[in-house]
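In what follows, a structure is listed as structure tokens, so that the remarks can point back to it.
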Amino acid sequence: MTLAPITLFVYNRPTHTRRTVEALQKNILAKDSDLIIFSDAPKKPEAVKAVREVREYIRTITGFKSVRIVERDRNWGLANSIIDGVTSVVNERGRIIVLEDDLVVTPHFLDFMNRALDKYDNEQQVIQVSGYMFPVKLKIKEDALFLPLTTSWGWATWKRAWQLFDPDAKGYAQVKADLALRKRFNLDEAYDYFSMLEAQLAGRVDSWAVRWQLSAFLNDSLTIYPRHSLIVNAGFDGSGTHGSAVGPLSRSGVNEAFVPERFPIEMKVGDSWEVVCRMLRNRNHLSVWDRLIAKMRSLGSRLIRNMGVST
């Protein structure tokens, strides 16, 4: 098995970064894997101390075949940093596993990602491997499934797939002009990707992920997902830039004993896709309690940061 380099993007959350790395170190393949860390520079003076703490920590990391650190000398922002980092690593190594600093993986994460990368290396329709899985119950015998949807929460890809990535979102005009195509892009109205794409083009958000999804969508691509999530997103505490609306998607939980071994026999989207879409539609109607919890977490974290305490 060819082991892909693990590429980790960090910024100003030392506690989250340490948690992510310590979870990775528990993977049996960690000691044979190269770790490449991209550390973004402070955007504002308030971030200087936390960025310095992150950099001091990542320079001490061991437990991998090698550790390479790229310290940005200016603030790139998450989207630009990921696009540049993924492009450089995948062009150099041919494949890549990507994590951000708020993702906590199970001990079998690296094994699944690398075996899937090997298995679907030459399958042009498969654009990505996901370590995350939505919080749904599936009636399937296999340990993995195909969905026509990319993910940004712990993923892997190949050079031949990343070449399909269109950072300029040139396919926007095609989707805008075709109402039926737009409906499909929005997962039959389960998730409003089109509005997110328009916000990206207008400069109101800075998302590499919606551009990646557009690229996959227009190429009829598939992502292979584990039946149970191998990742928990620990960033919904107000310390990051995630919106509260996606918080419930982080509640899938994980079973650390889950070892995904049985891949799908056929490379097609099955009935599980409708289960995922139904969950996404329901998630768009957050309860008052969900919204209150998200707001309280955000306000609490903001208060802590204003007091000068790093997380």
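The values are calculated or read from the model by the stated rules, or taken from the named source; none is laboratory data. As the structure is a computational prediction, the values presented were derived from the model and not from experiment. We place every Cβ from the backbone using ideal geometry, glycine too, and count neighbours over all the protein chains shown.
Each residue in the range 161-187 was checked for being surrounded by 13 or more Cβ atoms within 10 Å (Cβ to Cβ) and either of a type in the set (A, V, I, L, M, F, W, C) or touching a Pro at 6+ places or on another chain (Cβ under 7 Å) (or both), and 9 pass.
When the strands (runs of 3 or more DSSP E) confined to the range 1-74 are screened for residues that are over 24 Å from Glu256 (Cβ atoms), those reaching at least 3 such residues are found at 34-39, 66-71.
When the residues of the range 76-100 are filtered to those that are of a type in the set (A, V, I, L, M, F, W, C) and in a helix (DSSP H, G or I), which remaining residue is nearest to Leu35 (Cα to Cα)?
Step one: list which residues in the range 76-100 are of a type in the set (A, V, I, L, M, F, W, C), which gives 76, 78-79, 82-83, 86, 89-90, 96-99.
Retained after the next criterion (residues that are in a helix (DSSP H, G or I)): 78-79, 82-83, 86, 89-90.
Numbers: Leu78: 18, Ala79: 20, Ile82: 15, Ile83: 17, Val86: 13, Val89: 11, Val90: 13 Å.
Filtering the range 76-100 for residues that are of a type in the set (A, V, I, L, M, F, W, C) and in a helix (DSSP H, G or I), the one nearest to Leu35 (Cα to Cα) comes out as Val89.
Just wondering, is there one or more residues in the range 76-95 that are farther than 27 Å from Val205 by Cβ and either loosely packed, with under 15 Cβ neighbours inside 10 Å or at pLDDT below 95 (or both)? Give the derivation first.
Pass one, the range 76-95, residues farther than 27 Å from Val205 by Cβ: 92-95.
Keeping just the survivors that are either loosely packed, with under 15 Cβ neighbours inside 10 Å or at pLDDT below 95 (or both) gives 92.
So far as the range 76-95 goes, yes, one or more of its residues are farther than 27 Å from Val205 by Cβ and either loosely packed, with under 15 Cβ neighbours inside 10 Å or at pLDDT below 95 (or both).
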